[in-house]
Amino acid sequence: MTFDTFDTGGGLSCYTMRQDELMEPNFSVPKLSICMATFNRAKYIGETLDSILSQIVDGVEIVIVDGASTDDTREVVSGYVSRHANVRYFRESVNSGVDCDYDKAISYALGDYCWLMPDDDLMLPEALMEILSRIRDEADLIIVNSEVCDGGFKQVLLERRMAIFEDRLYDAGTIEDFFIEIGPQLTFIGCVVIRREVWLARNRRLYYGSLFIHVGVILQSPALSRILVIARPIISIRYGNAMWTSRSFEIWMFKWPEIIWSLDQFSDRAKSRVFSRKPWRNLRKLGMHRASGSFTRATYGKFFNGALDFPSRLLLRAVLLIHPAIANSLASIYCAFHLHTSRLSLLDLLQSQHSTWVTRLIFRLSTGKRPLWKR
């Protein structure tokens, strides 16, 4: 199999199958494309690809768009391309952002369905067969469940990211129920398996730079006609390794609420149940960011230079008066009393540079193990 080379005008050298090859009798168009956007993940992407390729079957391809990585990602992925005909690799000369890269990956894909796969998580056994069997139902969108593990996949932190135990079906008439019940879980792009023609028919450029292009595509009007949510976890998430960890305050205080509140087809009541419009007015959320070290005086100056009402300004400045280490200890005590909903928050506190002996003790008592991140 050979590929033609061309430049999209955005600095991307692309390899695409020629039309005459698509017509060859021995070539069958894949049913599923696993689409991956990557940047500087040479350390992790091989493990991800191994977890996929150990399950690979006919009718599945892997499409990787590399946003101009400066590490050894190209060398690592090239090794897989040379050994596996169903791995296709597209390397950009400039980084155009994760949203654009996922959009490009789906544009280059050949499958009827596209699974938006992160570059550092793992497919659990039989995940591919699960998806291949489910796409026969021809849903517009499939949302998959996942487990959440520590950075080395040594410990399961959450057995189910979505606390559901039976599959669910939604349609255009129940799209607001889907938004309320499943919307908070859409922060994880790896949960999305979408019909390619549905993705390409939607407005995608509107969400470039949002970091959540998949949310905008899925939840814009018109409503999707058939959505399947799979209860069984089929992905293992490597927690705490997201490329955006250093931007957590900006993302959870601004970018995520902005995209949720931009969705015109949903009521304000529904949006408020998914995420508050101005979460930085919430003392608990603000305190957690102070405790993890993401809310600082520099952060305040960057995001709150504009006019604020007096109560908001007072709240923000009062939280800044709390030393991060003290906030870290207080937040870990809070998590200890709300462990069923705050286990991952406790891990964030443990990983923070402001982590204290109180946090480490609470983590040890809550897990029965020593902290995975020794300071």
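Quick note: the coordinates plus some simple rules give every number you see, no bench work behind them. Small disclaimer: the values here were computed from a predicted structure and weren't measured. As a convention, Cβ positions derive from the backbone with ideal geometry for all residues, glycine included, and neighbour counts pool all protein chains shown.
On a full-extension model of 0.36 nm per residue, what is the gain between ARG297 and HIS323, subtracting their alpha-carbon distance, rounded to one decimal in nm?
Here the answer is 8.2 nm.
What spacing in nm lies between the two simple spin-label points modelled at ARG247 and GLU75, each 7 Å away from Cα in the Cβ direction?
2.8
May I ask for the Rg/Rh ratio of the range 162-210, computed from Cα atoms with Rh as the Kirkwood radius, given to two decimals?
0.98
Test of the criteria: in the range 109-146, which GluC sites (Glu not before Pro) are in a DSSP loop and have at most 12 other Cβ atoms within 10 angstrom of their Cβ?
Counting only loop positions with at most 12 other Cβ atoms within 10 Å, the GluC sites (Glu not before Pro) in the range 109-146 are GLU126, GLU138.
On full extension of the chain, what length is gained from LEU314 through GLU47, given 0.36 nm per residue of separation minus the C-alpha to C-alpha distance?
91.4 nm
In a shell of Cβ-Cβ distance under 14 Å around ASN203, excluding ASN203 itself, what net charge do Lys and Arg (+1) and Asp and Glu (-1) give?
Result for the neighbourhood of ASN203: 0.
Using DSSP to define loop residues, name the trypsin sites (Lys or Arg not before Pro) in the range 102-155 whose beta-carbon has at most 15 other beta-carbon atoms within 10 Å.
Those that pass, being in a loop and sparsely packed, are LYS154.
Note down the relative contact order for the chain as a percent, whole number, built from C-alpha pairs under 8 angstrom at least six residues apart.
14
Under a point spin-label approximation (7 Å from Cα along Cα-to-Cβ), what is the GLU138-GLU197 distance to one decimal in nm?
It is 0.9 nm.
Exposure proxy check: HIS214, HIS354, HIS289 ranked by fewest other beta carbons within 10 Å?
Ordered from fewest to most neighbouring Cβ atoms within 10 Å, HIS214, HIS354, HIS289 come out as HIS354, HIS289, HIS214.
Please sort by residue number the trypsin sites (Lys or Arg not before Pro) in the range 215-290 whose DSSP state is loop and whose Cβ has at most 11 other Cβ atoms within 10 Å.
Here no trypsin sites (Lys or Arg not before Pro) fit, given the DSSP loop and packing criteria.
Out of all DSSP beta bridges in the chain, what portion is antiparallel? Express it as a percent rounded to 5.
Roughly 45 percent of the beta bridges in the chain run antiparallel, per DSSP.
Between SER267 and VAL156, what FRET efficiency follows from the Cβ-Cβ distance if R0 is 51 Å, with the result rounded to 0.05?
Plugging the Cβ-Cβ distance into 1/(1 + (r/R0)^6) gives 0.90.
What's the FRET efficiency of ALA163 with SER82 using the Cβ-Cβ distance as r and R₀ = 51 Å, to the nearest 0.05?
0.75
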